[in-house]
Every structure is written in C-alpha cells, then in structure tokens.
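Please read the structure below before turning to the comments.
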Amino acid sequence: MARMTDDHTHVQEFFTARAADWDSRFPDDGPAYRAAVAELGLRPGSRVLDAGCGTGRALPALRDAVGPTGAVLAADLTPAMLAAATRAGRAAHGQLLLADVARLPVRTHSLDAVFAAGLIAHLPDPAVNLRELARVVRPGGLLALFHPIGRAALAARQGRQITPGDLRAEANLRPLLSGSGWRMTSYVDEDARFLALAVRES
C-alpha cells in the first residue's frame, strides 16, 4: 500500500474509533443497501467492487446480485472495519482487500461496476480518486454513489447545515463525475436515501 498521508491517517483514525459498534449504530440500513444494489442492475457473473466497504453491509446484496459465478471485491483503508466485516460473517460474500481506493490493486477495465457507500465525503482528491474508480471499470460499466439517508437528513443528524460546496449536490457532482470518466445517469437525494448512478464513458 502507498505511504500514508495525513488524509489517510485521519480517515483511519475516524473509522477505527467507530468500527466496533458501527453496525449497531445503524441497524435499519439493510433494506436501503439492498435497494441501491438492485438499481445497479448487476447480472449473474458480473464483477463488482465495494469501494470503501466499511463493515461490508453491501456484500450480501452484491453477492446475491452477481451469483456464485460472479466476483465481489471489497476494499477499505481501515483494518478495524475489515475486521468488523469478518466478525459479522460478511467475508463469506466477497474478497476483502486492505487497500486505498486511490491506488487499487485491480486490473484496468476488469470490473463491471463499483458500489460506493458514504465514500465521496472521505476522498482526499475526489477527481483523481473517481478517475481511479473509472480505471478499473470497463467502458459502459456502472458506478453507484450511495448513502442510506439523504444530504439534508445527514446534515441534521450531524448538527450542521448543507453548504453550497457539498460535493454530493447535483450541480457539483455531475461535472465532477464528467471530468473523471463518468456520465451521471440518475440522481436521487431524499430523506430516505442518496443515490447517484453513473456510467463509465468510453
């Protein structure tokens, strides 16, 4: 893995402190994850990456979508999160990788899709990092940027206001994706979920 930067260290510290009780803090998110995975339209035999997988809450749904002939990879920067995924039995649904999504140990154009829950807010260089996700996905492949609650609900939970510079605002996210090899195809931001879908351009 590449040398740790201050951004990486901050992310690791943030999630290491929360890994042990992460799932118990958000016990009702499972259906939202399954619904988001369903919108990716994965087929049996597809190859998919859960980028910034955390405790692996998307892995059972991703495995069900691609079936026994498909491949599910799950990458996270924080060992404690991957350990929590293993304790929860989710390593059975995919291959866990201790890896930085900015430098993935994955071949170019080898995947059909990337699923990324809660990832974009933690990317140190979103344009560069989204280009790395584009690198590993074949042309025409898919990206899902997901959060189990919308921007306003998340801001209220965290006691803050949404700012105009929020990367997840449609006006900011669409050009960010476009400049990183993706074309946004749908955008939903409601209290119950945030989901932006994009296709890998040729």
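Checking segment 32-41 against the condition returns a match, with at least one residue being open to solvent by 30 Å² or more (accessible area, probe 1.4 Å), over 15 Å from the mean Cα position of the chain (by Cα) and in contact (Cβ under 8 Å) with a residue 60 or more places away in the chain. Counting only strands (runs of 3 or more DSSP E) wholly contained in segment 94-199, the ones carrying 3 or more residues that are open to solvent by less than 20 Å² (accessible area, probe 1.4 Å) occupy 111-117, 137-147. Residues in segment 62-83 that are open to solvent by less than 10 Å² (accessible area, probe 1.4 Å), touching a helix residue (DSSP H, G or I) at 6+ places or on another chain (Cβ under 7 Å) and not in a strand (DSSP E or B) were compared, and the one that is nearest to Pro148 (Cα to Cα) is Leu62.
The values are calculated or read from the model by the stated rules, or taken from the named source; none is laboratory data. Here the structure is a predicted model, which is why all the values come from computation and not from measurement. With ideal geometry, Cβ positions are generated from the backbone for all residues, glycine too; neighbour counts draw on all protein chains shown. Quick note on the areas: whole protein, heavy atoms, side chains included, nothing else; ligands and nucleic acids left out. Shrake-Rupley method; radii C 1.70, N 1.55, O 1.52, S 1.80 Å.
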